[in-house]
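Reading through the structure tokens given below for one structure.
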Amino acid sequence: MSTAASSDTAFAADDTSARTVAIIMDGNGRWASARDLPVAAGHREGTRALRRTVEAAIDLGVTTLAVYAFSTENWSRPPDEVSELMVILGETIEKELPDLAKQGVRTRFFGRRDRVPGDLRERMADLERKTEDLDTLGLWIAFDYGGRAELIEATRRCVEDGLTPGEIDEAAIAARLYAPELPEIDLLIRTSGEFRISNFMLWETAYSEFVFTDTLWPDFGADDLQDALDAFAARDRRFGGR
């Protein structure tokens, strides 16, 4: 269970190695635009970057990787793009993620599911079932996810579960997040040169180190991940101490 840095000892393992990494995968549209391609082409190239990065993460000793695939705000994009994104997720589940499963990757999705098309929701659940015993790397895909919505939902669950105000603490909130088994994030990477976290994992990144890279997500790969991990290793993580 994630406990939101209830003590500095929660990070007592090897502080120089980022075992739990999150990535805001940004830049698909700009990648496509620079090549006079439709946005969907950028998203499809982004799925190839995801597979490449997961494989690199395994080689580099990362044990958990969380990626931001579709936010609660992304529903406001043009309907054609949203529809295409749903198709691309289905293609990724059918083509890319099973090959990663052969390498021991367990895939789980977190976020809302009630707005996801029914057939796609079934495929998400089926992949989770098929990979639940794998343990080489845990891949968490945030889909229809928003950090604020997650915290609101966790608070509502505390009320629904009958907790008194005095019983609502970090552990109570953490246990009711979308993915309570997801460890806290050591390193958050954002691609494409933007310097914001865009409502991603507000709770889980409380003590994360951030790395921002100009590389567009479809161009991201092993060297970029290695650079980010090296930057992390050079940081002095004090978690509020001196």
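The values are calculated or read from the model by the stated rules, or taken from the named source; none is laboratory data. Fair warning: this is a prediction, and the values are worked out from it, not measured in the lab. We place every Cβ from the backbone using ideal geometry, glycine too, and count neighbours over all the protein chains shown.
Assorted remarks:
- Within the stretch 115-148, if we keep just the residues that are aliphatic (A, V, I, L, M) and surrounded by fewer than 17 Cβ atoms within 10 Å (Cβ to Cβ), the residue that is farthest from Leu182 (Cα to Cα) turns out to be Leu120.
- Residue among Gly166, Gly61, Gly147 that alone is modelled with pLDDT of 95 or more and at positive phi: Gly61
- Criterion (surrounded by fewer than 22 Cβ atoms within 10 Å (Cβ to Cβ) and outside any helix (DSSP H, G or I)) met by exactly one of Glu204, Glu153, Glu181: Glu181
- Odd one out for Asp36, checked against (1) in contact with a strand residue (DSSP E or B) (Cβ under 9 Å, 6 or more places away or on another chain); (2) among the charged types (D, E, K, R); (3) at positive phi: (1)
- Inside the stretch 189-201, residues that are farther than 17 Å from Leu151 by Cβ and surrounded by 15 or more Cβ atoms within 10 Å (Cβ to Cβ) make up a count of 4.
- Set Ile189, Ile197: member being assigned to a strand (DSSP E or B) and out of contact with any Cys (no Cβ under 9 Å at 6 or more places or on another chain): Ile189
- Within the stretch 23-51, residues that are farther than 17 Å from Ser83 by Cβ and at pLDDT 95 or above have Cβ atoms under 7 Å from residues that are β-branched (Val, Ile, Thr) and part of a strand (DSSP E or B) in these pairs: Ile23/Val67; Ile23/Ile189; Met25/Val67; Leu50/Val67, counting only partners at least 6 apart in sequence or on another chain.
- Yes/no for Thr47 being in contact with a Lys or Arg (Cβ under 9 Å, 6 or more places away or on another chain), of a type in the set (S, T, N, Q) and closer than 25 Å to Leu177 by Cβ: no
- Qualifying residue in the stretch 90-108 (condition: of a type in the set (Ser, Thr, Tyr), more than 20 Å from Asp219 (Cα to Cα) and modelled with pLDDT of 95 or more): yes
- Of the residues contained in the stretch 214-236, none is found to be at pLDDT 95 or above, crowded, with 17+ Cβ neighbours inside 10 Å and at positive phi.
- Residues that are surrounded by fewer than 18 Cβ atoms within 10 Å (Cβ to Cβ) and of a type in the set (A, V, I, L, M, F, W, C), drawn from the stretch 67-87: Trp75, Val82, Met86, Val87
- Odd one out for Ala4 among (1) modelled with pLDDT of 95 or more; (2) touching a helix residue (DSSP H, G or I) at 6+ places or on another chain (Cβ under 9 Å); (3) not in a helix (DSSP H, G or I): (1)
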